[in-house]
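Undergrad: Below: one structure in structure tokens.
The values are calculated or read from the model by the stated rules, or taken from the named source; none is laboratory data. Because the structure is predicted, anything quoted here is derived from the model rather than measured. Here Cβ is always computed from backbone atoms with ideal geometry, including for glycine, and neighbour counts include all displayed protein chains.
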2 protein chains.
Amino acid sequence: MEALPTKKQNWSIQVAITIYDIAREAKVGIGTVSRVFNGHPNVTKETREKVLVVAKRLNYQPHVYAQGLARQRTNTFAAIIPFFTNYFFIEVLQGVQEKISSIGFDLILHGINHPDEIDESLRRSSRRGRVDGIIFFSMRVPDSFAKKWKDLEIPIVLVDTFHEAFDSITVENFQGAQIATEHLISLGHKNIGMITANIKSDPARIRLEGFRAAIQKHGLTPHPGNIIVSDVTKLDGFSRDAGYLAMKEMLKLGSNLPSAIFISSDVQAIGAISALREKGLRVPDDMAIVSFDDIELAQHFGLTTMRQPMFRMGELAVDQMVKRKQNPAALPVQMRFMPELVVRQSCGAKKLSPNIEDYVHHKDINELASPQD
Amino acid sequence: MEALPTKKQNWSIQVAITIYDIAREAKVGIGTVSRVFNGHPNVTKETREKVLVVAKRLNYQPHVYAQGLARQRTNTFAAIIPFFTNYFFIEVLQGVQEKISSIGFDLILHGINHPDEIDESLRRSSRRGRVDGIIFFSMRVPDSFAKKWKDLEIPIVLVDTFHEAFDSITVENFQGAQIATEHLISLGHKNIGMITANIKSDPARIRLEGFRAAIQKHGLTPHPGNIIVSDVTKLDGFSRDAGYLAMKEMLKLGSNLPSAIFISSDVQAIGAISALREKGLRVPDDMAIVSFDDIELAQHFGLTTMRQPMFRMGELAVDQMVKRKQNPAALPVQMRFMPELVVRQSCGAKKLSPNIEDYVHHKDINELASPQD
DNA sequence: CTACTTTGTGGAAGCCCTTCCAACAAAAAA
DNA sequence: TTTTTTGTTGGAAGGGCTTCCACAAAGTAG
């Protein structure tokens, strides 16, 4: 019962074709075979043909790890992503995946469900010869970490988070939040609240700051208790449940309930709408909502939201990684996108000026701002 | 401008620590160093300590590719997934990711957006020494492919699709569809329709068959035109848009509209509900709906649906992969889960017997059927 | 017709591990 | 004490590739 499979395996190992086999069969040297597969110019047409014919006949496949070992690079990037079931990450990830694949690289995915796992993932990714670069998503980078990572001497690109020591691709969370809030102000709302995700998350914190700045800038009186900061840790509070709970909390304000709120993500908004609906309150009639992200579902819910070019951000992360490898010594590059206000039903603007186009079906994400590099 | 980065790189390469450095510093042989890191028992405590101290001092990291080359295995699996923005895949993928990570393996992700890419992905994954196994999602496996893949001599596990030559983890689509349909029948509906995804997809096709079987079994008269088969190719028709369009189509039946429908996935159901709402029709009052999958959103929409243990399926795929590697010669194993009817609002059953628990918050997916291996 | 390039080629060395075998030391058995 | 067993160790071989160096052949210039 044990012997048989082993036997079988042995056979399958012996069957492996190496450049030595090809060299022998084609009556050339191994160096020549290697040159053929690497497109080295100094090989005559006839030799090249001869090698390729034999290689095809023997169904040769180069051994990736042997190549990696000899070349000292892996043609692989790692992506370290928190909670990748979050729709935002998925859309960015798709951009990353497609781009990586298009340049003939492979993508190693590390999902992080608990902060402790970050270190482990980085350790795994940073083992020498594992990957050529790491794309790091959304998680705050403490200075102590930054120093350690710099020592890794492996390129790191940050997406949706920022640290001066690394390349980063982010969105203007502050201004985005400001624009969102000002949209509500422009619709005449005086008592505007906010529901934000866990403040440990940079985007959540900055969006809150942007919101406050807008309120202040327009001389509105801040109403106590109409800012709900989620203390949910799962998904950093960027979840439907967190939004639901936050709105439940807010509903306790009773008659002091704001007439409009800015919510730090679409998923939270969806949860919040649930909570409102349970109370018999309607959006936007009883409460106007503007949120953030523009995930695919946002359009279904008619959410007015701040659109982030997620797919594009993923692609750019890979582009930047490639550039960084070409020039490791260059100064860190920061790319920031300006999110775009997408007006749908949830803010109530459509009621005021119904000539704006309605249900947007299949509208492509267009690039909002070009990177400033 | 060119010289500097190169110089820098040289330096960083020279700084790389190998077992030879450790052996020298610790005054032991390389074999001993290797044994220490591989937990080989025959090393004295003192020697082990000595090596570990030096290794820590020099910040030694083993070179993954060198290990892979020497060990003849990679500790890496590939997952080939179509349209991984689909919620179903994401949840399965998460199971895969967590399990892979927990056994200390890495996951290489290949997203497929067009059938042509399958071959390329398989080629890339099957290069010798690239991965130790491939988990293949949802896509139909033609016999011609199967033969080719068998020759790859690399373990393949199928998830959400079936072929007799490979291990597979699937759900009872036929019976699931039957149960869903019978639930509607049991609620008294006589004219029941179906909206299905693209019939090219196995799950879609089989669910349609299950639906038909249920209708026939209970002696209901099939109503012409109340089965809408999506011809959308994007996401194989398992999308909100496809569901929306299908319902638009169905609405043309006018007064012949069925009073209940079975829809082949939750996302489609969400789209269909959109279309109904636009016409001012309400769920479940004007139309009862049962769908399939139980993605996270289903509960938000109050969808009555057939729950698949997606996360668990992902985990099992990895488990099976490990088993398969231990015993490559064993006969293919098929695991089939029975989906479970989750009753929420969209079918209208709650109205009839309101004692059923309502909004299910955070209920964990429990395993529905144990694998029959 | 020589001297010097250029082009094409073979294969050793090197990338960094694991594993196996031989050698030795220490402990146990005779 | 001698022999056998057991435990520990060093390092060669091997995994499959790239790259560099040496060299031969062929071309170019003087």
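Undergrad: Out of B:Ser138, B:Ser121, which single residue is away from every other protein chain (no Cβ under 14 Å), under 25 Å from B:Phe311 (Cβ atoms), in contact with a strand residue (DSSP E or B) (Cβ under 9 Å, 6 or more places away or on another chain) and among the hydroxyl-bearing types (Ser, Thr, Tyr)? Please lay out each step first, then the result.
TA: Details: B:Ser121 fails: away from every other protein chain (no Cβ under 14 Å).
Exactly one residue qualifies, and that residue is B:Ser138.
Undergrad: Is there any pair linking a residue in the stretch B:105-116 that is outside any loop (DSSP other than H, G, I, E, B) to one that is surrounded by fewer than 19 Cβ atoms within 10 Å (Cβ to Cβ), with Cβ under 6 Å and at least six apart or on different chains, and which?
TA: Short answer, once both residue conditions are applied: B:Ile112/B:Ile118.
Undergrad: OK, next. Being over 18 Å from A:Ala204 (Cα atoms) and in contact with a Ser or Thr (Cβ under 9 Å, 6 or more places away or on another chain): is that true of A:Phe292 here?
TA: On the way: over 18 Å from A:Ala204 (Cα atoms): no; in contact with a Ser or Thr (Cβ under 9 Å, 6 or more places away or on another chain): yes.
It is false that A:Phe292 is over 18 Å from A:Ala204 (Cα atoms) and in contact with a Ser or Thr (Cβ under 9 Å, 6 or more places away or on another chain).
Undergrad: If you scan the stretch B:63-104, which residues turn out to be among the polar types (S, T, N, Q) and in a strand (DSSP E or B)? Explain how you work it out, then say what you get.
TA: Of the residues in the stretch B:63-104, the ones among the polar types (S, T, N, Q) are B:67, B:72, B:74-76, B:85-86, B:94, B:97, B:101-102.
Across the stretch B:63-104, the qualifying residue is only B:Thr76.
Undergrad: In the stretch A:13-34, what residues are in a helix (DSSP H, G or I), within 6 Å of DNA strand D (Cβ to nearest atom) and out of contact with any helix residue (DSSP H, G or I) (no Cβ under 8 Å at 6 or more places or on another chain)?
TA: Step one: filter the stretch A:13-34 for residues in a helix (DSSP H, G or I), giving A:13-14, A:19-26, A:30-34.
Still in the running and within 6 Å of DNA strand D (Cβ to nearest atom): A:19, A:30-31, A:34.
Scanning the stretch A:13-34 gives a single hit, A:Gly31.
Undergrad: Same structure, new question: Being surrounded by fewer than 17 Cβ atoms within 10 Å (Cβ to Cβ) and either among the hydroxyl-bearing types (Ser, Thr, Tyr) or in a strand (DSSP E or B) (or both) is true for just one of A:Ser144, A:Ser125. Which residue is that? Full working, then the answer.
TA: On the way: A:Ser125 fails: surrounded by fewer than 17 Cβ atoms within 10 Å (Cβ to Cβ).
That would be A:Ser144, the only listed residue that is surrounded by fewer than 17 Cβ atoms within 10 Å (Cβ to Cβ) and either among the hydroxyl-bearing types (Ser, Thr, Tyr) or in a strand (DSSP E or B) (or both).
Undergrad: Under the condition of being assigned to a helix (DSSP H, G or I) and either within 11 Å of DNA strand C (Cβ to nearest atom) or of a type in the set (Lys, Arg) (or both), which residue from the stretch B:50-62 is surrounded by the fewest Cβ atoms within 10 Å (Cβ to Cβ)?
TA: At the first step, the residues of the stretch B:50-62 found to be assigned to a helix (DSSP H, G or I) are B:50-58.
Those left that are additionally either within 11 Å of DNA strand C (Cβ to nearest atom) or of a type in the set (Lys, Arg) (or both): B:50, B:55-58.
Numbers: B:Lys50: 19, B:Ala55: 21, B:Lys56: 9, B:Arg57: 12, B:Leu58: 15.
Checked the stretch B:50-62; the qualifying residue surrounded by the fewest Cβ atoms within 10 Å (Cβ to Cβ) is B:Lys56.
Undergrad: Still on this model: Scan the stretch A:47-58 and report the pairs whose first residue is under 10 Å from A:Val36 (Cα atoms) and without any contact (Cβ under 8 Å) to a residue 24 or more places away in the chain and whose second residue is assigned to a helix (DSSP H, G or I) and near DNA strand C (Cβ under 9 Å from one of its atoms), with Cβ atoms within less than 6 Å and a gap of 6+ or a chain change.
TA: Once the first residue is under 10 Å from A:Val36 (Cα atoms) and without any contact (Cβ under 8 Å) to a residue 24 or more places away in the chain and sits in the stretch A:47-58, its partners that are assigned to a helix (DSSP H, G or I) and near DNA strand C (Cβ under 9 Å from one of its atoms) give A:Arg48/A:Val36.
Undergrad: Could you pull out the residue among B:Ile295, B:Ile227, B:Ile270 that is touching a helix residue (DSSP H, G or I) at 6+ places or on another chain (Cβ under 9 Å) and under 15 Å from B:Met194 (Cβ atoms)?
TA: Working: B:Ile295 fails: under 15 Å from B:Met194 (Cβ atoms); B:Ile270 fails: under 15 Å from B:Met194 (Cβ atoms).
Only one candidate qualifies: B:Ile227.
Undergrad: Please go through the stretch A:328-351 and pick out each residue that is in a strand (DSSP E or B) and either within 14 Å of another protein chain (Cβ to nearest Cβ) or over 13 Å from A:Asp294 (Cβ atoms) (or both). Steps first, answer last, please.
TA: Of the stretch A:328-351, the ones in a strand (DSSP E or B) are A:334-337, A:340-342.
The answer is A:Gln334, A:Met335, A:Arg336.
Undergrad: Which ones in the stretch A:139-182 are of a type in the set (Phe, Trp, Tyr) and under 24 Å from A:Ile261 (Cα atoms)? Lay out the reasoning, then the answer.
TA: Going residue by residue through the stretch A:139-182, those that are of a type in the set (Phe, Trp, Tyr) are A:145, A:149, A:162, A:166, A:174.
Within the stretch A:139-182, just A:Phe174 meets the criteria.
Undergrad: From A:Ile90, A:Ile135, grab the single residue that is without any contact (Cβ under 8 Å) to a residue 24 or more places away in the chain and buried (at least 17 other Cβ atoms within 10 Å of the Cβ). So that I can check it myself, show each step before the final result.
TA: Details: A:Ile135 fails: without any contact (Cβ under 8 Å) to a residue 24 or more places away in the chain.
Just a single option satisfies the conditions, and that option is A:Ile90.
Undergrad: Given (1) among the β-branched types (Val, Ile, Thr); (2) closer than 21 Å to A:Glu340 by Cβ; (3) outside the structural domain of A:Ser239 (by TED's automatic domain parsing), where does A:Val157 come up short, assuming only one miss?
TA: Here A:Val157 meets the rest and fails (2).
Undergrad: Of everything in the stretch B:35-87 that's charged (D, E, K, R) and facing another protein chain (nearest Cβ under 10 Å), which residue is nearest to DNA strand D (Cβ to nearest atom)? Outline the logic, then answer.
TA: We begin by selecting, within the stretch B:35-87, every residue charged (D, E, K, R); these are B:35, B:45-46, B:48-50, B:56-57, B:71, B:73.
Next, only the ones that are facing another protein chain (nearest Cβ under 10 Å) stay: B:71, B:73.
Numbers: B:Arg71: 8, B:Arg73: 12 Å.
Once the filter is applied, the top-ranked residue is B:Arg71.
Undergrad: Let me ask another. Would you be able to say whether some residue in the stretch A:85-100 is acidic (Asp, Glu) and more than 16 Å from DNA strand C (Cβ to nearest atom)?
TA: First, the residues of the stretch A:85-100 that are acidic (Asp, Glu): A:91, A:98.
Keeping just the survivors that are more than 16 Å from DNA strand C (Cβ to nearest atom) gives A:91, A:98.
Scanning the stretch A:85-100, I find at least one residue that is acidic (Asp, Glu) and more than 16 Å from DNA strand C (Cβ to nearest atom), so the answer is yes.
Undergrad: Then there is this: Filter the helices (runs of 4 or more DSSP H) completely within the stretch B:170-283 down to those with at least 3 residues that are polar (S, T, N, Q).
TA: B:173-186
Undergrad: Something else: Here are some residues: B:Phe83, B:Phe77. Which one is surrounded by fewer than 21 Cβ atoms within 10 Å (Cβ to Cβ) and farther than 15 Å from A:Ala79 by Cβ?
TA: B:Phe83
Undergrad: Same structure again: For the stretch B:295-315, which positions are among the aromatic types (Phe, Trp, Tyr) and in a helix (DSSP H, G or I)? Steps first, please.
TA: Looking only at the stretch B:295-315, we keep the residues that are among the aromatic types (Phe, Trp, Tyr), and these are B:301, B:311.
If the condition is that a residue be among the aromatic types (Phe, Trp, Tyr) and in a helix (DSSP H, G or I), then B:Phe311 is the only one that fits.
Undergrad: Also, I was wondering about something else. Which condition number in (1) crowded, with 21+ Cβ neighbours inside 10 Å; (2) within 13 Å of DNA strand C (Cβ to nearest atom); (3) farther than 30 Å from A:Met310 by Cβ is the one that A:Ala70 fails?
TA: The failed condition is (1).
Undergrad: Could you please tell me which pairs satisfy a Cβ distance under 9 Å, a separation of 6+ or placement on different chains, a first residue in the stretch A:179-200 that is free of Cβ contacts under 8 Å to residues at least 24 places away in the same chain, and a second residue that is in a helix (DSSP H, G or I) and among the hydrophobic types (A, V, I, L, M, F, W, C)?
TA: Cβ pairs passing all conditions: A:Ser186/A:Ala349; A:Gly188/A:Leu352.
Undergrad: If you don't mind, another one. In this structure, does A:Asp143 turn out to be away from every other protein chain (no Cβ under 14 Å) and of a type in the set (D, E, K, R)?
TA: So A:Asp143 passes the test.
Undergrad: Okay, next question. Could you list all residues from the stretch A:20-49 that are more than 7 Å from DNA strand C (Cβ to nearest atom) and either in the same structural domain as A:Arg127 (by TED's automatic domain parsing) or crowded, with 20+ Cβ neighbours inside 10 Å (or both)?
TA: A:Ile22, A:Ala26, A:Val33, A:Val36
Undergrad: One residue is enough: does the stretch B:91-98 have a residue meeting the conditions modelled with pLDDT of 90 or more, away from DNA strand D (no atom under 16 Å from the Cβ), β-branched (Val, Ile, Thr) and more than 30 Å from A:Ala70 (Cα to Cα)?
TA: Yes, the stretch B:91-98 has at least one match.
Undergrad: From the list A:Pro115, A:Pro155, which residue is surrounded by fewer than 20 Cβ atoms within 10 Å (Cβ to Cβ) and either modelled with pLDDT under 95 or within 14 Å of another protein chain (Cβ to nearest Cβ) (or both)? Talk me through it step by step, then tell me what you get.
TA: Values: A:Pro155 fails: surrounded by fewer than 20 Cβ atoms within 10 Å (Cβ to Cβ).
So the residue among A:Pro115, A:Pro155 that is surrounded by fewer than 20 Cβ atoms within 10 Å (Cβ to Cβ) and either modelled with pLDDT under 95 or within 14 Å of another protein chain (Cβ to nearest Cβ) (or both) is A:Pro115.
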